[in-house]
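Remarks on the structure that follows.
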Amino acid sequence: MEKKVYQFTFETYPSVTDLAEGDAALLLKAREITKLAYAPYSNFQVSAVAKLANGEIVTGTNQENASYPVGICAERALLSALGTLFPNVAIDTMAIAYHNLNGESNKPVSPCGMCRQALVEYEGRTKHPIRLILSGMDGNIFVVEQANQLLPLSFGGDDLK
């Protein structure tokens, strides 16, 4: 038997004012558009804002449905739009924020498993890492250099060959 360890490093910032100007602007936009989420059931509004390699800024929010499996997370809503609007354009940075209307929103949010898989697929599709800024409406902020760091031992297209 051999044991292996998977680790990754990420940055933490105590406030949006501690981020670089471009990162702060992206996160503030993400926090602002949480209000556009359609989340009448969970009251957990999530937004994702991407800065693309071509300089474009594209946004997405979670969209719930009374039939729960029909809803879509903000990250995947954004990636779906990008696939149509800007096919194969890489994402440089994505800021993800949430506003919990039922409680506090003061710690970083992390993408769910399905969104992690979709982010890794998009990184592979564009052959470019996606830098993630993870936050609530206030409090600490995490910056992860590559989305694939959140999904070790991921499943991908090569597994289907």
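The values are calculated or read from the model by the stated rules, or taken from the named source; none is laboratory data. The shown structure was predicted, so the numbers you read here are calculated from the model rather than taken from an experiment. Don't worry about glycine lacking a Cβ; one is built from the backbone with ideal geometry, like all the others, and counts go over all protein chains shown.
Brief remarks on what is shown
- Filtered residues of the range 144-158 (kept if touching a strand residue (DSSP E or B) at 6+ places or on another chain (Cβ under 8 Å) and assigned to a helix (DSSP H, G or I)): A147, L150
- Taking the listed residues N54, N106, N88, the one that is modelled with pLDDT under 95, part of a loop (DSSP other than H, G, I, E, B) and either loosely packed, with under 11 Cβ neighbours inside 10 Å or of a type in the set (S, T, N, Q) (or both) is N88, with no other qualifying.
- For the range 43-54, a residue qualifies if it is touching a residue at least 40 places away in the same chain (Cβ under 8 Å) and over 8 Å from A97 (Cα atoms), and the qualifying residues are N43, F44, Q45, V49, A50, K51, L52, A53.
- Qualifying position, being closer than 17 Å to R125 by Cβ and in contact with a strand residue (DSSP E or B) (Cβ under 7 Å, 6 or more places away or on another chain), among L79, L36, L52: L52
- Yes/no for S47 being at pLDDT below 95, out of contact with any Cys (no Cβ under 8 Å at 6 or more places or on another chain), not acidic (D, E) and not in a helix (DSSP H, G or I): no
- Residue pairs whose Cβ atoms lie under 6 Å apart, sitting 6 or more positions apart in sequence or on different chains, and linking a residue in the range 13-24 that is of a type in the set (D, E, K, R) to a partner that is buried (at least 19 other Cβ atoms within 10 Å of the Cβ), are D23/I133.
- Single unsatisfied condition, A66 versus (1) in contact (Cβ under 8 Å) with a residue 12 or more places away in the chain; (2) within 22 Å of T126 (Cα to Cα); (3) in a loop (DSSP other than H, G, I, E, B): (2)
- Residue within the range 99-108 that is among the basic types (K, R), in contact with a Gly (Cβ under 7 Å, 6 or more places away or on another chain) and under 22 Å from E21 (Cα atoms) present: yes
- Number of positions in the range 19-37 that are farther than 15 Å from R131 by Cβ and surrounded by 13 or more Cβ atoms within 10 Å (Cβ to Cβ): 8
- Scanning the range 1-42 for residues that are polar (S, T, N, Q) and under 30 Å from V70 (Cβ atoms) yields T34, S42.
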